[in-house]
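What follows is a set of notes on a single structure, which appears directly below.
The values are calculated or read from the model by the stated rules, or taken from the named source; none is laboratory data. It should be emphasised that the depicted structure is a prediction, and the values quoted were computed from it without experimental measurement. Cβ placement follows ideal geometry from the backbone for every residue including glycine, while neighbour counts extend to all protein chains displayed. When the accessible area is computed, the model is the full protein with side chains, heavy atoms only, and any ligands, DNA or RNA have been set aside. Shrake-Rupley method; radii C 1.70, N 1.55, O 1.52, S 1.80 Å.
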Amino acid sequence: MNKDLHKELTYITNVINKHPKNYQVWHHRRVIVERLQDPGRELDFTASILQDDAKNYHAWQHRQWVIREFDLWDNELGYVEKLLRDDLRNNSAWNQRYFVVNHTTGFTDDVIEREISVLLDRQLQNYPSVLAFCQQLYEDRYRSPYLMAYMIDTYEEMLEQESDDRAATLKKAEQLCNALADEYDQIRGEYWNYVARSLTSRYGSQTNTVEQEVS
Amino acid sequence: MELHTFRCCDSSFEEKNKFNDDKNQTLSSEEQIEVEESVKKQYTHFKHRLEIDHECILPVLDREMHSAFLQKGLSNLSSSYECLDASRPWLCYWILHSLELLDEPLSDETISQVAKFLGKCQCETGGFAGGPGQHAHLAPTYAAVNALCILGTEEAFRIIDRGAYCAASAARLTNIMTPELFDGTPEWIVRCQTYEGGFAGCPGMEAHGGYSFCGLAALTLLNKTNLCDVKNVLMRYEGGFQGRTNKLVDGCYSFWQGGAFPLIHMILTMHSTKDDSSLSAESWLFHQKALQEYVLVCCQYPGGGLIDKPGSGLSIAQHFAGGKLSHVLNIGHENNIVRPTHPVYNVCVDKVVHADMFFKQLPPPKSASKSPNT
């Protein structure tokens with residue numbers, strides 16, 4: 001029976017190579033590997049599919065199943081790093097990075113430090129917080145929607161935690177929302193206007209009188 | 001329509017929205033720039049046509065061509081559809097739903113033929129398969145039940161053997177939902193939500209537009225909506241949606257992503273307080289005009305049918321999902337308005353009501369039907 005299964009694995013390899021985005025062929029491969037209980041060819045095979053299309057959802061799903069089922073975590077972070085060197089924008093690779101860290105070391109303080117240093121250059125060490133770094137970028141006229149969205153998220157957290165100077169924080173968040181809706185991220189205008197209204201609705205009443213005085 | 005009312009005709013459109021690769025070229029950015037160039041050609045061509053559009057009817061949804069494409073597909077598809085041999089109820093559903101959106105009637109004969117075919121896809125063990133003689137599976141079951149509800153005749157309803165396993169949508173529509181049937185399901189769905197906020201096909205995988213819609217709709221049907229931070233992935237330049245971060249625009253995501261917004265609106269409304277008026281009463285949380293411009297200007301295949309992006313081949317699936325334009329806001333001629341669809345079941349509202357009335361007469365099964373693990 002096993003001999004037939006190995007032949008079947010070779011057969012399905014050929015079919016997947018011709019139709020890498022078909023659900024049924026990948027399901028068939030998984031059934032064979034499960035019966036064989038042999039993941040020996042799987043990491044190389046999925047890597048070869050990802051070589052042609054680094055974001056093929058079926059390939060990633062099969063790869064994740066193999067790694068989880070047969071405990072093949074050891075070299076995966078290295079593989080992810082290679083893909084990110086090829087294309088830093090490959091979101092599937094970033095997702096795989098999260099998947100590996102989550103299931104191995106977990107997000108301990110050390111690991112988080114390491115992940116941050118992977119993402120940013122060393123300048124960050126000069127700032128007391130990530131927010132301070134972002135605020136500096138903003139002052140230096142950087143207008144990336146991702147930067148501004150991150151700052152809004154941080155301000156929202158600060159408002160939730162009732163930190164000092166709520167009125168000022170709320171105003172900064174609203175200004176960023178308006179700038180995004182009107183200018184820097186118009187396509188998401190409806191969303192940013194909603195965020196601004198929602199923040200005002202939740203945190204504005206305590207700060208209303210201050211707002212009126214300021215304006 | 002005058003030039004200035006179209007987003008893609010605005011003078012600052014290029015400058016504001018073009019992709020900036022920050023001098024860091026990768027395959028993702030190269031592909032994105034290529035697609036934007038191709039879309040730019042479509043928008044430029046559109047602008048030229050507008051100049052001589054004295055009756056202000058552009059853009060036009062080519063209903064006749066699309067209907068012809070769909071009607072033909074119901075009886076005959078080319079050999080390139082072999083890859084969907086295990087998804088034939090899907091093809092029925094996609095075509096039938098597209099035709100109902102366009103308000104195209106079907107002959108009694110066609111209705112009966114499709115119903116009989118779907119009947120042949122049903123399995124003795126329960127549920128529907130991808131084709132006659134195949135194993136039953138939840139996905140074609142969903143599609144077959146929806147397709148039969150669109151057909152809406154008593155013959156179609158009676159084909160559904162409610163005895164065995166169905167997914168949440170099929171279960172609700174046919175009135176066989178019991179608490180045991182979906183015990184543990186909402187918790188599993190929530191495990192599929194990723195750090196990005198969207199849902200994946202299974203825990204651990206990347207957030208994806210298609211699964212995000214399914215996750216949200218399923219949680220809605222099961223009355224277990226948690227407030228998900230479903231990030232808006234509307235593409236800045238093209239106007240359409242992408243399916244995943246840093247991937248390309250695709251007309252089909254007009255449905256998977258766009259269709260999620262009415263659900264999000266509903267969830268946010270449920271979770272807000274009485275005095276909270278943050279939610280707009282006039283539009284969904286995305287740029288509806290931009291999406292319509294993208295689909296109508298860039299995604300109509302000249303011979304009929306909708307495509308994923310300029311230069312792509314025709315596909316029934318792309319057509320189905322791309323056709324779900326908002327029935328409230330429309331651009332161009334008023335003929336572009338399509339019929340409204342139920343945001344959870346993806347079948348036109350009148351058909352949902354009709355099916356609901358039929359199945360409510362029948363009692364739910366006495367014992368819980370557990371679905372075999374797939």
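Some observations on this one:
- Checking each residue in the stretch B:22-50 for being among the small types (Gly, Ala, Ser) and within 25 Å of the chain's Cα centre (by Cα) picks out only B:Ser38.
- Matching residues in the stretch A:51-82 - criterion: being more than 13 Å from A:Phe99 (Cβ to Cβ), within 12 Å of chain B (Cβ to nearest Cβ) and of a type in the set (A, V, I, L, M, F, W, C): A:Ala54, A:Ala59
- Residues of the stretch B:240-265 that turn out to be outside any helix (DSSP H, G or I) and closer than 25 Å to A:Asp87 by Cβ, as a count: 14
- The residues listed here are B:Cys56, B:Cys83, B:Cys9; of these, the one that is within 21 Å of B:His287 (Cβ to Cβ) and of a type outside the set (A, V, I, L, M) is B:Cys9.
- Among the residues of the stretch B:63-70, none qualifies, meaning not one is open to solvent by 50 Å² or more (accessible area, probe 1.4 Å), assigned to a helix (DSSP H, G or I) and closer than 24 Å to B:Gly243 by Cβ.
- Residue match in the stretch B:342-359 (condition: at pLDDT 85 or above, part of a helix (DSSP H, G or I), open to solvent by 50 Å² or more (accessible area, probe 1.4 Å) and acidic (Asp, Glu)): yes
- If you go through the stretch A:145-202 and keep only what is over 21 Å from the mean Cα position of the chain (by Cα), open to solvent by less than 60 Å² (accessible area, probe 1.4 Å) and more than 12 Å from every other protein chain (Cβ to nearest Cβ), you end up with A:Met158, A:Leu159, A:Ser163, A:Arg166, A:Ala167, A:Ala168, A:Thr169, A:Leu170, A:Ala173, A:Glu174, A:Leu176, A:Ala179.
- Close pairs from the stretch B:179-193: first surrounded by 13 or more Cβ atoms within 10 Å (Cβ to Cβ), partner among the small types (Gly, Ala, Ser), Cβ under 6 Å, at least 6 apart: B:Leu181/B:Ala368; B:Ile189/B:Gly215; B:Ile189/B:Ala218; B:Cys192/B:Ala200; B:Cys192/B:Gly215
- When B:Glu55, B:Glu104, B:Glu100, B:Glu14 are checked against the criterion of being assigned to a helix (DSSP H, G or I) and surrounded by fewer than 20 Cβ atoms within 10 Å (Cβ to Cβ), a single residue qualifies: B:Glu14.
- Qualifying residue in the stretch A:111-131 (condition: within 30 Å of B:Gln242 (Cα to Cα), surrounded by 18 or more Cβ atoms within 10 Å (Cβ to Cβ) and either at pLDDT below 95 or within 14 Å of chain B (Cβ to nearest Cβ) (or both)): no
- Of all residues in the stretch B:204-217, those satisfying the criterion of being open to solvent by 20 Å² or more (accessible area, probe 1.4 Å) and either part of a loop (DSSP other than H, G, I, E, B) or over 19 Å from A:Asn102 (Cβ atoms) (or both) are B:Gly204, B:His208, B:Cys214.
- Among the residues of the stretch B:259-274, those identified as open to solvent by less than 20 Å² (accessible area, probe 1.4 Å) and in contact with a Ser or Thr (Cβ under 8 Å, 6 or more places away or on another chain) are B:Ala260, B:Leu263, B:Ile267.
- Selected residue (criterion: most open to solvent (accessible area, probe 1.4 Å)) from residues of the stretch B:275-314 that are within 12 Å of chain A (Cβ to nearest Cβ) and among the polar types (S, T, N, Q): B:Ser277
- Residues of the stretch B:284-316 that are among the acidic types (Asp, Glu) and assigned to a helix (DSSP H, G or I): B:Glu293 alone.
- Selection from the stretch B:76-97 of residues that are polar (S, T, N, Q) and exposed (fewer than 15 other Cβ atoms within 10 Å of the Cβ): B:Asn76, B:Ser78, B:Ser79, B:Ser80
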